[in-house]
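Notes follow the structure.
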Amino acid sequence: MHESQLWESPVLQSVLPVVEASQHVRISEEAIRRVAGWMAYEEFAPIGGGPARPFDVGPNPTRMTNLTMLVNTLNFAFTDFATSVKFETEYNGTTYVDSEAMVACMHRAIIAGEPLLTGEWAARVTRDDLARLFRGNIEMPMLAERVQILNDVGAVLVDKHQGSWSHWVASCAPALYAGGDGLLERLPVEFPRFRDVSSWRGHEVTIAKLAQLGLWSLHLSLARVGVKTLTDPWRATAFADYIVPVALRVMEIAHFTPALTEAIDNGAEIPRDSEEEVELRALSIYAVARLTDEINALRPESAQLISPQVDYRLWKSYHATHHPHHLTRTVMY
């Protein structure tokens, strides 16, 4: 079954033991084929970039790199754990929700001349600074954790990479995997905030949500100005978060036990690294890869997709939905 190049991903291979013995989440192969039967004919975001987005900072690759990696350093937990209300903000006449609201706040500050794109800013930022930066309908969750992450990442950037993510990227091989020198191989080693690994029944499961999302986003952003970041983008998987399981559940691809369903629907916290939480994420990665394969079977060779494109299709449709998603207190997604 697993013959396409998508399955070359070490992350995807890492989750297979969870898929094969999961107890709380089940994936319907019949539903995957059903959804692929109509989704195959949709238009998907291109793999090689596209038009500038609302939060453009100009064509300078250094600025683009620094913004993209800053965003993905903080791209987690936008729903209040007590009320299930999502963070949102208004910017230039549009209301943005979830991670898009965070980026809108960043863009507003950058345009105003604040030095967010420097490692020096990250190394010194305080809780009060972030509270002012992220103005919205609620206080952005986990502000203290965000401050610590920024301070730690900023210190490494200042000490080793001239205060710039672009210098770090330039020091790596232009691939996810390159015998240890690839961007995805080095990122969690040099910046532990990106080490997204869980233990499941004694098996180490690598999810790498933010690391993969950051590098994929960088690949797309820089492609718009003719810079190629990744020679092996097909090795990226879905970005396992709160939203993809919602999409899979609504499409009846993912099915949960009654206990897990009740916990999610009632807003009960699902502990980080619990069997339920690991299975939600691991089977999301698997299901998107399978859905991508089934979609590709119905598309011409010139229109083949990779997992991040299908992931974005699901995330874009459901990231602002009122449908409940699981709540896990974590800085990894």
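Computed from Cα positions, the angle between helix 209-223 and the longest principal axis of the chain comes to roughly 70 degrees. Summarising the strand pairing of the chain, around 85 percent of its internal DSSP beta bridges are antiparallel. Its relative contact order, with pairs defined as Cα atoms under 8 Å and 6+ residues apart, puts segment 67-191 at 21 percent.
What angle, in degrees between 0 and 90 and rounded to the nearest 10, separates the Cα long axis of helix 99-111 from the longest principal axis of the Cα atoms of the chain? Orientation of helix 99-111: about 20 degrees from the principal axis. The GNM of the chain, with springs linking C-alpha atoms under 10 angstrom apart, assigns the highest mean-square fluctuation among Ser84, Ser199, Ser217 to Ser199. Split the chain at each of the GluC sites (Glu not before Pro) in a DSSP loop with at most 11 other beta carbon atoms within 10 Å, and the longest piece is 44-333.
Compared with the alpha-carbon gap, the fully stretched path from Thr257 to Glu120 is longer by 44.6 nm at 0.36 nm per residue.
Explain nothing, just the number: relative contact order of the chain, from Cα pairs under 8 Å at least 6 residues apart, as a whole percent.
Answer for the chain is 29 percent.
The alpha-carbon atoms of the chain, seen along their principal axes, cover 52, 44, 43 angstrom, with the largest extent given first. Largest GNM mean-square fluctuation among Ala101, Ala303, Ala36, using the chain with Cα springs under 10 Å: Ala303. A straight chain from Ser199 to Arg329 at 0.36 nm per residue would run longer than the Cα-Cα distance by 45.1 nm. Between Ala144 and Glu301, take the C-beta separation as r, use R0 = 51 Å, and let me know the FRET efficiency to the nearest 0.05. FRET efficiency, Ala144 to Glu301: 0.55. Calculate how steeply helix 29-39 sits against the longest principal axis of the alpha-carbon atoms of the chain, using the helix alpha-carbon long axis, and give the answer as 0 to 90 degrees to the nearest 10. Result, in degrees: 60. A full extension of the chain between Ala82 and His322 corresponds to an added length of 84.8 nm, given 0.36 nm per residue minus the alpha carbon distance.
Read-outs throughout are calculated quantities, based only on the coordinates presented, and are distinct from any laboratory measurement. Computed from a prediction, not measured in an experiment: that's the story for all the values here. Note that each Cβ is placed from the backbone with ideal geometry, even for glycine, and that neighbours are counted across all protein chains shown.
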